[in-house]
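Please treat every number below as a calculation from the coordinates, not as lab data. As the structure is a prediction and not an experimental result, all values here were calculated from the model. Every residue, glycine among them, receives a Cβ derived from its backbone with ideal geometry; neighbour counts consider all protein chains shown.
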């Protein structure tokens, strides 16, 4: 794309945002889906999708790669429109064409150039012109049905193809099957091949219906056109329907999917999209998104800041998927064979929850645990029940399920703090005893703590036996790589934190022996503190410190990070970490020095994922392009310097989470909305270092970006109608809290109880240009952590 076209396209998006503001825009109107799309990951960008939608319909400009595929802003051609853009999920690519048919030659031949000048993208809607065919394509969806509207030119041969020979995102297409039901309907499936992460195949069933009859039904196999009857099956196959079109003729198509069967896809279609009113569906999708986004209402800030905020919140709801059908049927892939199961139905005859697909909750203690549990507790409850469903089916609470598969993505048992935090906050619409049983199993040999990343067939790479016996996981553990992320020091820190969280639920349930056991294990983080260097460090199998010492070396015992970043990873016991470092002043000086160094590179290791992967960019003290040190600026609240929390959080917002261009925005691995969710928390000024897992959960306070923030609370879970944060004198200069009041009473500490928040009320922050170094600075004002509880 030329620089002139890029600038013109960007100016158009800015104009749309400003126009929306002049018309009192709704939150959905402020979302800018193009942010950071030059660096999109497969599941990063989804335009025609509902919140958590099974269908995520959008153009693919890149294929054959998890990273670098899907929609990439600077790509100049559309390869296809596919219906599934999820973590380790993909399937059902389609493309309208005209003229001589080239579908059998692959999407490099049948793909089309396009221009952003003729493109409109909104949550739930995408409009684009295929220059090669002069076809205007419009896309929208319901939760499980993709809705296409194509405006054709005059053509003696117009087509819509279904390509089952395409490598989409993370997965090749192993096999396709299509049957002509009538001259207005097709049905079939695509079998997506296994991946390194998803060890079993994924079958995506579909039903496609057309508003007008097609004239021909034809197909191809392995690059050659082939005569077919009413069906086509096999490897590297595809089909297309053909028809004549007049100038400006509109053809519509609805494609429903299911992971269970064609019959279930047809049920999803009939239940969710019985009509052909495309504009109605677009409006319904926009309203759906707006209802979700409106749970947080903001006032003040600039137009750009408000637009970016709602884009961040949109990301927090975008990347994780529903994989169960409208009636609660789902595909269980935890055993040796695929089994069709049923989610329990409520009194209304509807499923009590959805089954979900998602990357690990690794790092989610600093994002989703706070955002979802507070603002979308019904989503939290659905995800917990989904994980317990997999425990019932396959024997383990998953780390990150993909299409009903276990993946063992990342490390540890990150579901534990997610579930415990929900339980402690009163979100309890699930089987509590089953949840505890499953989480406890994960914390012992044979559970998720036994597995390294993507360790599918063994239980060795997690090193849990060493952790229990020695109090740490050695690095290196073994010469054998059982999986990815076999990084003993990170595993040690994760296990200690996750043990603490499980201990809190054990205590609440009266399981005293378990409480004492897990609280003792929660102190294991101290076993990799190296007092000689003043940082966390690797310990080897013989108990010695690893050599040579390089605290900035990436990986090497540290999962997607380094020792300098992971030293601060003691979410449950910041006071204990302060003690190890020699007290509050030494702790503050060390952490502040890390931020001063990180400020020189804008707190990230490269402004995009392709830069972040380069070794020379990874040797940094703080990296906000990934999850391991999200919590670091909030730690000053614990060490008597809340003003530094206020200062550094605003600096991070400005440098990392403020850009509005396609080239920048999340500066690394956005990971299904984790960075978007974190950005929302930073901008609202609340956070939870422990992930909400202390006996009485609380939120730490920082410097909000807006003058007024209203959290509209779900009355089914919380008795307060709304919690309001007001910072009336807030500005780019007035970033420091001078004093605070909670419901009209003076608040001297930099944290508020979860219960006070969900009971409703108001937190008032009086802001100023200079730091008040006394506010919240006393030892007794510090947030609670494990050592301070004793």
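Summary table below
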item	result
Debye log10 I(q)/I(0) for the range 188-345, one point scatterer per Cα, at q = 0.18 Å⁻¹	-1.26
Compactness of the range 323-414 as Cα Rg over 2.2 N^0.38 Å, two decimals	1.09
Calculated P(r) tail over 20 Å for the range 480-623, as whole % of Cα pairs	54 percent
Value of Rg to Rh for the range 223-316 (Rh from inverse mean 1/r over Cα pairs, i.e. Kirkwood)	1.14
Solution diffusion estimate, µm²/s, Stokes-Einstein, the range 134-206, Kirkwood Rh from C-alpha pairs, 10 °C, viscosity 1.306 mPa s	108 µm²/s
Percentage relative contact order, the range 3-293, counting C-alpha pairs under 8 Å, at least six apart	19 percent
Relative contact order of the chain, defined on C-alpha pairs under 8 angstrom at six or more residues apart (%)	11 percent
The range 528-649: relative contact order as a whole-number percent, Cα under 8 Å and 6+ apart	23 percent
CD proxy at 222 nm, helix term only [per DSSP H run n ≥ 4: -39500 (n - 2.57); per residue of the chain; nearest 500]	-8500 deg cm²/dmol
Relative packing of peptides 40-48, 230-238, 469-477 - highest average C-beta neighbours within 10 Å first	40-48, 469-477, 230-238
Zero-based 5 Å bins, Cα pair distances in the range 49-158, whole percents	2, 12, 23, 25, 21, 12, 4, 1
Estimated translational D of the range 465-548 in µm²/s (Stokes, Kirkwood radius over Cα pairs; 25 °C; 0.890 mPa s)	181 µm²/s
Rule-of-thumb Rg ratio for the range 282-355 [Cα; 2.2 N^0.38 Å; N residues]	1.59
Relative counts (whole %) of C-alpha pair distances in the chain, using bins that are 20 Å wide	17, 50, 29, 4, 0
Spatial extent of the range 3-293: Rg and Dmax, with the Cα atoms as the point set, Å	18.0, 57
Hydrodynamic radius (Kirkwood) for the range 546-618, which is based on Cα pairs only, to one decimal in Å	13.7 Å
Descending principal axes extents, the range 84-224, alpha-carbon based, whole Å	46, 34, 28
Shape of the range 672-754, Cα gyration tensor, a/c cut at 1.5	rounded
